[in-house]
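To start, the structure itself, in structure tokens.
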Amino acid sequence: MKKTAWTLARDTGIPPIRCVTPQEANALAEQGALAELAWEGQRVLACRSGDDARLFGAGMRDWSEPFPSLSAALKQLEAADVVLLAHVCVLDDQSRPSFPMLKDWVGGKRMGSLILAVSDVLRVGDDDLRGLPLSERRARMTLLLKGAPPSLVISQPLGGSLSELRASLAKLGVPGLWLRSQASAWPPEEDEWLAVSSTDESVEVPGDGERTLSPSPRVTNAEKVLYPRDGFTKTDIVAYYTTVAPLMLRHMRDRPIVAQRWPDGIDDFTWYQHRVPPRAPDYLQPVMIEGNRRIVLHSQDALLWMVNQAALTLHGWSTRVGSLDAPDWVVLDLDPGERTTWKHVIEVALAVRRLLELLEVESVVKTSGKKGLHILVPLAPNQTMALAQTFATNVALLVTRLMPEVVTMVNEIGKRGGRLFFDHLNFKGKTLVLPYSLRDADRAPVSAPIAWSEVNERLDPRAFNLETMRARVDSKGDLFASALSGSTDLKTVLAKMV
């Protein structure tokens, strides 16, 4: 495959920087680690392949468009193929990097001096340098940038003891510094690339991926009605999600998301967005999974930006980015058929609960937001998807045999005979409507966590909606919280089911 700047960046990647206390950083500093200014800027991989020169941030976000002069400077290097680790910075009139001025630059206010502060080189021509120690890569970097355009600046190491450096940076108002082992290859191990504050306060050091250049989202087409019979507008939807954002973010953290969008309201067409669009703001940071720019919502800004795109319902994986094969929970989805009464749904749900109690397995239940119920079994760490599938199948088989006239495991709708479908499938990439998500039905119902004591024939899923959910959360708290702190070991449970 022909090399491009994109493929070079994809194959290299940007590892995270771990923020530590001064005490933790001292050990690496005493071993002669390279100390470097934590630049007030946007960390990027600056990549060139022939005439293709671009800047990529975490999650493969392309930062080339706001900084065309830096891409042009890369093309003036002698090497036709190059990958640099760097920071895009704007210097003020005292030559200090300023993050606010960088944000202004992205917004079109071009004040100050734009530079690319280069810290490392990972490829030159056909030479992949990632296996070399940092000290050798830095030597190659110095040769590479000799005679480079003035906007390409070498990030120089800082001399002196760690305590002296921190004190000096604090006086200058610089938040902190990096420490990197000079023997480290690429990517560095967790304890080989650290960030430490210049003060004794617990603050985030630039480069950790938390700060963003894009402004917070605003509501566009604010009065557009998305629920026509209720009159709920996009403003109402954004206001609801703003209220529940702290709860939702807890359950979405590091979890790939699929956003279900209704651009013209719930009576019109819908579509599922699996990938981050190319021009999304930088706080919507994609995660590359099997070559796809998957959506992961890390912040309220990211959540509300998606909501403003008429994403009424958010579906999430049962696994997280760092452990894509280890689910947080087993999903048991009760999906009523046309002959299924509400009494049947309750009977099946309570039968599942009794079985789980006999197995000494904890569970969490929530409404689907429509006619069904979702029962989740929170898992201990390091369970496998294969075990989750086996367990769910066993539970579904037992309940189906107990209630064959009411429940089916048949996937094809036409062969279910109107019975309740016990969806027991658990696999990597399968999604479930996330708790507190709105659904596309009148009154804007919510997929609401509920207590098992509420699961009876008097339960009305429509009572949990956009207008009532805030008061319920204030009264009940987060009834889904235990889904993230499971202790069920599936091997132990499956042994009981033999």
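Side notes on the structure shown:
The rows are residues; the columns are (1) polar (S, T, N, Q); (2) part of a loop (DSSP other than H, G, I, E, B); (3) at positive phi.
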{"residue": "Leu55", "(1), (2), (3)": "no, no, no"}
{"residue": "Gly59", "(1), (2), (3)": "no, no, yes"}
{"residue": "Ser69", "(1), (2), (3)": "yes, no, no"}
{"residue": "Leu77", "(1), (2), (3)": "no, yes, no"}
{"residue": "His87", "(1), (2), (3)": "no, no, no"}
{"residue": "Met101", "(1), (2), (3)": "no, no, no"}
{"residue": "Trp105", "(1), (2), (3)": "no, no, no"}
{"residue": "Arg130", "(1), (2), (3)": "no, yes, no"}
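- Filter result for Val395 (under 31 Å from the mean Cα position of the chain (by Cα), of a type in the set (A, V, I, L, M) and surrounded by 21 or more Cβ atoms within 10 Å (Cβ to Cβ)): no
- Condition met for Ala58 (surrounded by 24 or more Cβ atoms within 10 Å (Cβ to Cβ), modelled with pLDDT under 90, more than 19 Å from Leu129 (Cβ to Cβ) and not assigned by TED's automatic domain parsing to the domain that holds Ile295): no
- Selection within the stretch 215-256 - among the small types (Gly, Ala, Ser) and in a helix (DSSP H, G or I): Ala239, Ala245
- Any chance Pro281 is assigned to a loop (DSSP other than H, G, I, E, B), within 24 Å of Phe464 (Cα to Cα), outside the structural domain of Leu179 (by TED's automatic domain parsing) and not β-branched (Val, Ile, Thr): no
- Of all the numbered requirements in (1) out of contact with any Pro (no Cβ under 9 Å at 6 or more places or on another chain); (2) crowded, with 21+ Cβ neighbours inside 10 Å; (3) under 30 Å from Lys415 (Cα atoms); (4) not hydrophobic (A, V, I, L, M, F, W, C), Ser363 misses one, and that requirement is (1).
Residue-by-condition table, conditions (1) under 15 Å from the mean Cα position of the chain (by Cα); (2) β-branched (Val, Ile, Thr):
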residue	(1), (2)
Asn221	no, no
Tyr240	no, no
His251	yes, no
Asp268	no, no
Pro278	no, no
Ile289	yes, yes
Arg293	yes, no
Asp301	yes, no
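- Test: residue in the stretch 306-316 that is in contact with a strand residue (DSSP E or B) (Cβ under 9 Å, 6 or more places away or on another chain) and assigned to a helix (DSSP H, G or I): yes
- Only one of the numbered conditions (1) under 29 Å from the mean Cα position of the chain (by Cα); (2) in a helix (DSSP H, G or I); (3) within 21 Å of Tyr436 (Cβ to Cβ) is violated by Gly369, and that is (2).
- The stretch 466-481 residues that are assigned by TED's automatic domain parsing to the domain that holds Ala448, paired with ones that are of a type in the set (Ser, Thr, Tyr) and in a helix (DSSP H, G or I) (beta carbon under 6 Å, 6 or more apart): Leu466/Tyr240; Arg470/Thr243
- On inspection, Glu347 fails the criterion of being surrounded by fewer than 20 Cβ atoms within 10 Å (Cβ to Cβ) and either on the phi > 0 side of the Ramachandran plot or modelled with pLDDT under 95 (or both).
- Scanning the stretch 141-174 for residues that are within 36 Å of the chain's Cα centre (by Cα), closer than 21 Å to Asp92 by Cβ and touching a residue at least 60 places away in the same chain (Cβ under 8 Å) yields Ser151, Leu152, Ser155, Gln156, Leu158, Leu169, Leu172, Gly173, Val174.
- Search result, residues across the stretch 409-440 that are more than 33 Å from the chain's Cα centre (by Cα), outside any loop (DSSP other than H, G, I, E, B) and buried (at least 20 other Cβ atoms within 10 Å of the Cβ): Leu420
- Any chance Ala73 is modelled with pLDDT of 95 or more, in contact with a strand residue (DSSP E or B) (Cβ under 6 Å, 6 or more places away or on another chain) and at negative phi: yes
- Residue match in the stretch 30-49 (condition: hydroxyl-bearing (Ser, Thr, Tyr) and within 28 Å of Arg96 (Cα to Cα)): no
- Positions within the stretch 258-282 being over 23 Å from Trp63 (Cα atoms) and in contact with a helix residue (DSSP H, G or I) (Cβ under 9 Å, 6 or more places away or on another chain), in sequence order: Ala259, Arg261
- Only one of the listed residues (Leu297, Leu303) is touching a residue at least 24 places away in the same chain (Cβ under 8 Å), in a loop (DSSP other than H, G, I, E, B) and surrounded by 20 or more Cβ atoms within 10 Å (Cβ to Cβ). That residue is Leu297.
- Residues of the stretch 41-54 classified as more than 20 Å from Pro15 (Cβ to Cβ) and either buried (at least 21 other Cβ atoms within 10 Å of the Cβ) or within 28 Å of the chain's Cα centre (by Cα) (or both), total: 2
- Among residues of the stretch 372-387, those that are surrounded by 20 or more Cβ atoms within 10 Å (Cβ to Cβ) and assigned to a loop (DSSP other than H, G, I, E, B), counted: 2
- If the condition is being β-branched (Val, Ile, Thr), farther than 30 Å from Thr233 by Cα and outside any helix (DSSP H, G or I), then the stretch 445-498 contributes Val455, Thr488, Val498.
- Applying the condition of being small (Gly, Ala, Ser) and buried (at least 16 other Cβ atoms within 10 Å of the Cβ) to the stretch 149-169 and asking which residue is nearest to Ser198 (Cα to Cα) yields Ser155.
- Ala139 being part of a helix (DSSP H, G or I), at pLDDT below 90, hydrophobic (A, V, I, L, M, F, W, C) and surrounded by fewer than 17 Cβ atoms within 10 Å (Cβ to Cβ): no
The values are calculated or read from the model by the stated rules, or taken from the named source; none is laboratory data. Because the structure is predicted, anything quoted here is derived from the model rather than measured. Note that each Cβ is placed from the backbone with ideal geometry, even for glycine, and that neighbours are counted across all protein chains shown.
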